[in-house]
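Chemist: One structure follows; several queries about it will come next.
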Amino acid sequence: MGAMGADPLRRLAAIVERVPVAWARKPVAAGEIDRAEARLGVPFSAGYREFVARFGGVHAGPLPVTGLRRWAATGRGEWSVVELTERHRAQGWPGTEAWVVISGDGFGNPIGLDAAGRVWLSDHDSRECVCLEASFEDWLRRWALRAEPHRAGDDLPRRPWPV
């Protein structure tokens, strides 16, 4: 069993099998993942590395999950973890200096993965960086695949945006 566990990978594989345009269908070698980590300055969690290596990038349920390969059902410039992270950093999105941007919430807010493997939302409405889940696997299962209800999140960190 890989770092993500069988459940999220199995669910994701079932989705992309039914909807081939929902994923890149091209595996990514470890060296390419290493180069992306080095360029962005944030190590990827084991679960995210496994996801990128196996799927390249996908639409998981309603959310795109960036990687290192483009897939047919994604918009231009919305598939690359490198491009999306660099764009959000250049725009000054709080939090993104310490994350890689793996998705968006559909309202223009980036969702990112930090070096500890936690998943964050930089929320322009609340002007906070909100930790959504303690791991990529939990975020994939609960938010992208909607296989479990979201946690209340009261025990997860929140950080106000800089003034």
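Throughout, read-outs are computed from the coordinates displayed, never taken from laboratory work. Nothing here was measured: the structure is a model prediction, and the numbers come from that model. Virtual Cβ from ideal backbone geometry, glycine too; neighbours counted across all protein chains shown.
Chemist: Yes or no: the range 72-86 includes at least one residue that is free of Cβ contacts under 8 Å to residues at least 24 places away in the same chain, more than 24 Å from I15 (Cα to Cα) and out of contact with any Gly (no Cβ under 7 Å at 6 or more places or on another chain).
Modeler: Within the range 72-86 (the criterion being free of Cβ contacts under 8 Å to residues at least 24 places away in the same chain, more than 24 Å from I15 (Cα to Cα) and out of contact with any Gly (no Cβ under 7 Å at 6 or more places or on another chain)), the answer is no, since none of the residues qualifies.
Chemist: Still on this structure: Checking the condition of a type in the set (A, V, I, L, M), under 25 Å from A147 (Cα atoms) and outside any loop (DSSP other than H, G, I, E, B), which residue from L12, L84 passes?
Modeler: Working: L84 fails: under 25 Å from A147 (Cα atoms).
On inspection, the qualifying residue turns out to be L12.
Chemist: Considering only the range 97-117, state which residues are touching an Asp or Glu at 6+ places or on another chain (Cβ under 7 Å) and either more than 18 Å from R39 (Cα to Cα) or not hydrophobic (A, V, I, L, M, F, W, C) (or both).
Modeler: First pass over the range 97-117, keeping only residues touching an Asp or Glu at 6+ places or on another chain (Cβ under 7 Å): 98-99, 109, 111.
Across the range 97-117, the qualifying residues are N109, I111.
Chemist: Taking the condition within 20 Å of V58 (Cβ to Cβ), of a type in the set (V, I, T), under 15 Å from the mean Cα position of the chain (by Cα) and surrounded by fewer than 22 Cβ atoms within 10 Å (Cβ to Cβ), does V100 pass?
Modeler: It is false that V100 is within 20 Å of V58 (Cβ to Cβ), of a type in the set (V, I, T), under 15 Å from the mean Cα position of the chain (by Cα) and surrounded by fewer than 22 Cβ atoms within 10 Å (Cβ to Cβ).
Chemist: Out of A29, A38, A90, report the one residue that is touching a residue at least 12 places away in the same chain (Cβ under 8 Å), of a type in the set (A, V, I, L, M) and out of contact with any Phe, Trp or Tyr (no Cβ under 8 Å at 6 or more places or on another chain). Give the derivation first.
Modeler: Values: A38 fails: touching a residue at least 12 places away in the same chain (Cβ under 8 Å); A90 fails: touching a residue at least 12 places away in the same chain (Cβ under 8 Å).
Just one listed residue meets the conditions, A29.
Chemist: Answer yes or no as to whether F44 is of a type in the set (F, W, Y) and buried (at least 21 other Cβ atoms within 10 Å of the Cβ). Spell out how you get there, then give the answer.
Modeler: Values: of a type in the set (F, W, Y): yes; buried (at least 21 other Cβ atoms within 10 Å of the Cβ): yes.
When the stated conditions are applied, F44 passes them.
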